[in-house]
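Asker: Dumping the structure here so I can ask a few things about it.
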Amino acid sequence: MARFDGKVAIVTGAASGIGKEIALRFAAEGAIAVIADLNLAAAQATVEEIKAAHGGDAFAVAMNVTDEAAVEQGVADVVAKYGKVDILVSNAGIQIVHPFVDFPYADWKKLLSIHLDGAFLTTRACLKHMYAANYGRVIYTGSVHSKEASKLKAPYVAAKHGLIGLAKVLAKEGAEHNVTANVVCPGFVLTPLVEKQIPEQAQALGISEEDVVKTVMLKETVDGQFTTTDDVADAVLFFAAATTNAFTGQSLVVSHGWFMQ
Ligand code: NAD
């Protein structure tokens, strides 16, 4: 029997990068993976990939995590189809880099909305079903930037720190309903989100792209290696599989040694 047999796992932002790997890994271990993403075509392609790889069940949901009605509808559709939601991985996110001094307010609000409103809305929509079932595992994709700062990332660092607070509240409120909350905090992972940042940071900092990777992104790692999507999925699935409240409210840095606690 696989670790997540019969479990329904919603992963937001699962049409790409880290979320996609998490969804693939849940499906490989028996779960029904719900691919909730802004990009429905890419979400459907991920579903096809899962079905081809594992013959498992997967389902694509078009969802803008900042749209209250869309989130409520998407979760309702999942519950109508599968009867429950056991696991939520709130992972959808973007990056916008800019010096603080003239960071556009619209970009600040957009980034906070996707990361924080998205985490709040998706969690709230799932919680009523989790409470009714007396079971739930909620995992937020944080970042080393949930613990540490970097230049040019004012809203991202603020939002990722915020997720830690959100998870702590959920850990307290969810406990009596057997709902746990955790944050997984990756270092740099080579996904489209980071590939886009390398030339942007090179320009903003006036250094080469190679130096962005070596002296900014991977400088503090123990081995000069990017964190992989598999590294992150290992940690997410660990928390999702927990059979105890012992880990609830905690965050785990997955970063090849960058920011040791
Ligand atoms: P990615 O760009 O590869 O994937 C992000 C996905 O989120 C995309 O499929 C996109 O369509 C979706 N998305 C964006 N806005 C959305 C919205 N409003 N509603 C629903 N879906 C939306 O990025 P990634 O690197 O896989 O990042 C995933 C998460 O991991 C983010 O929260 C990011 O902050 C975090 N993270 C990434 C890294 C890294 O180095 N890549 C490091 C630490 C944390």
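The values are calculated or read from the model by the stated rules, or taken from the named source; none is laboratory data. Note that this is a predicted model, so its numbers are computed, not measured. Quick reminder, even Gly has a Cβ in these numbers, built from the backbone with ideal geometry, and neighbours come from all protein chains shown. Side chains are part of the model used for accessible areas, which takes the heavy atoms of the whole protein and leaves out ligands, DNA and RNA. Shrake-Rupley method; radii C 1.70, N 1.55, O 1.52, S 1.80 Å.
One line per residue, one yes/no per condition, for (1) in a loop (DSSP other than H, G, I, E, B); (2) modelled with pLDDT under 95:
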residue	(1), (2)
E220	yes, no
D234	no, no
F239	no, no
F247	yes, no
Q261	yes, yes
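Asker: Examine region 93-102 for a residue that is more than 30 Å from G83 (Cα to Cα), open to solvent by less than 40 Å² (accessible area, probe 1.4 Å) and either part of a helix (DSSP H, G or I) or free of Cβ contacts under 8 Å to residues at least 60 places away in the same chain (or both), and state whether such a residue exists. Even if it seems obvious, please write down each step before you answer.
Answerer: Initial filter on region 93-102 (more than 30 Å from G83 (Cα to Cα)): 94-102.
If we keep only those that are open to solvent by less than 40 Å² (accessible area, probe 1.4 Å) too, we end up with 95-97.
Narrowing the set further to residues that are either part of a helix (DSSP H, G or I) or free of Cβ contacts under 8 Å to residues at least 60 places away in the same chain (or both) leaves none.
Taking every residue of region 93-102 in turn, none turns out to be more than 30 Å from G83 (Cα to Cα), open to solvent by less than 40 Å² (accessible area, probe 1.4 Å) and either part of a helix (DSSP H, G or I) or free of Cβ contacts under 8 Å to residues at least 60 places away in the same chain (or both).
Asker: What's the number of the condition K147 fails, among (1) open to solvent by less than 30 Å² (accessible area, probe 1.4 Å); (2) touching a Phe, Trp or Tyr at 6+ places or on another chain (Cβ under 8 Å)?
Answerer: Looking at each condition in turn, K147 falls short on (1).
Asker: Which residues, counting only those in region 1-33, are assigned to a helix (DSSP H, G or I), open to solvent by 20 Å² or more (accessible area, probe 1.4 Å) and either within 14 Å of the ligand (Cβ to nearest atom) or over 18 Å from T229 (Cα atoms) (or both)?
Answerer: Initially, region 1-33 is screened for residues assigned to a helix (DSSP H, G or I), giving 17-28.
Adding the requirement that they be open to solvent by 20 Å² or more (accessible area, probe 1.4 Å) leaves 17-18, 20-21, 24-25, 28.
Correct list: G17, I18, K20, E21, L24, R25.
Asker: Has region 54-68 got any residue that is open to solvent by 10 Å² or more (accessible area, probe 1.4 Å), assigned to a helix (DSSP H, G or I) and modelled with pLDDT of 95 or more?
Answerer: Yes, region 54-68 contains at least one residue that is open to solvent by 10 Å² or more (accessible area, probe 1.4 Å), assigned to a helix (DSSP H, G or I) and modelled with pLDDT of 95 or more.
Asker: What are the residues in region 121-153 that are touching a helix residue (DSSP H, G or I) at 6+ places or on another chain (Cβ under 7 Å), of a type in the set (A, V, I, L, M, F, W, C) and at pLDDT 95 or above, if any?
Answerer: Within region 121-153, L121, A125, C126, M130, V138, I139, A149 meet the criteria.
Asker: How about region 41-87: which of its residues are more than 12 Å from C126 (Cβ to Cβ) and more than 16 Å from the ligand (Cβ to nearest atom)?
Answerer: Hits for region 41-87 are K51, A52, A53, H54, G55, G56, D57, A80, K81, Y82, G83.
Asker: Sort out which residues of region 214-230 are in contact with a Lys or Arg (Cβ under 9 Å, 6 or more places away or on another chain) and either of a type outside the set (G, A, S) or buried (at least 19 other Cβ atoms within 10 Å of the Cβ) (or both), and write them in order of number.
Answerer: Going through region 214-230, the residues in contact with a Lys or Arg (Cβ under 9 Å, 6 or more places away or on another chain) turn out to be 216, 224, 229-230.
Result: V216, T229, D230.
Asker: In region 167-192, how many residues are open to solvent by 50 Å² or more (accessible area, probe 1.4 Å) and either within 16 Å of the ligand (Cβ to nearest atom) or of a type in the set (V, I, T) (or both)? Lay out the reasoning, then the answer.
Answerer: Just the residues of region 167-192 that are open to solvent by 50 Å² or more (accessible area, probe 1.4 Å), to begin with: 168-169, 172-173, 176, 178, 190, 192.
If we keep only those that are either within 16 Å of the ligand (Cβ to nearest atom) or of a type in the set (V, I, T) (or both) too, we end up with 169, 190, 192.
Residues flagged as open to solvent by 50 Å² or more (accessible area, probe 1.4 Å) and either within 16 Å of the ligand (Cβ to nearest atom) or of a type in the set (V, I, T) (or both) within region 167-192 amount to 3.
Asker: Here are some residues: A233, A154, A241, A202. Which one is assigned by TED's automatic domain parsing to the domain that holds A23 and surrounded by fewer than 19 Cβ atoms within 10 Å (Cβ to Cβ)? If you could, list the steps in order and put the result at the bottom.
Answerer: Numbers: A233 fails: surrounded by fewer than 19 Cβ atoms within 10 Å (Cβ to Cβ); A154 fails: surrounded by fewer than 19 Cβ atoms within 10 Å (Cβ to Cβ); A202 fails: assigned by TED's automatic domain parsing to the domain that holds A23.
A241 is the lone residue from the list that is assigned by TED's automatic domain parsing to the domain that holds A23 and surrounded by fewer than 19 Cβ atoms within 10 Å (Cβ to Cβ).
Asker: Return the residue satisfying two criteria in turn: it lies in region 132-144 and is open to solvent by less than 40 Å² (accessible area, probe 1.4 Å) and outside any helix (DSSP H, G or I), and of such residues it is farthest from Q95 (Cα to Cα). Even if it seems obvious, please write down each step before you answer.
Answerer: From region 132-144, those open to solvent by less than 40 Å² (accessible area, probe 1.4 Å) are 136-144; that's our starting set.
Imposing the further condition that a residue be outside any helix (DSSP H, G or I) reduces the set to 136-143.
On the way: G136: 29, R137: 26, V138: 22, I139: 20, Y140: 16, T141: 13, G142: 13, S143: 12 Å.
Filtering first and then ranking leaves G136.
Asker: Which condition does A36 not pass, out of (1) more than 19 Å from the chain's Cα centre (by Cα); (2) within 16 Å of the ligand (Cβ to nearest atom); (3) closer than 15 Å to V11 by Cα, if it passes all the others?
Answerer: Going through the list (1) more than 19 Å from the chain's Cα centre (by Cα); (2) within 16 Å of the ligand (Cβ to nearest atom); (3) closer than 15 Å to V11 by Cα, A36 breaks only (1).
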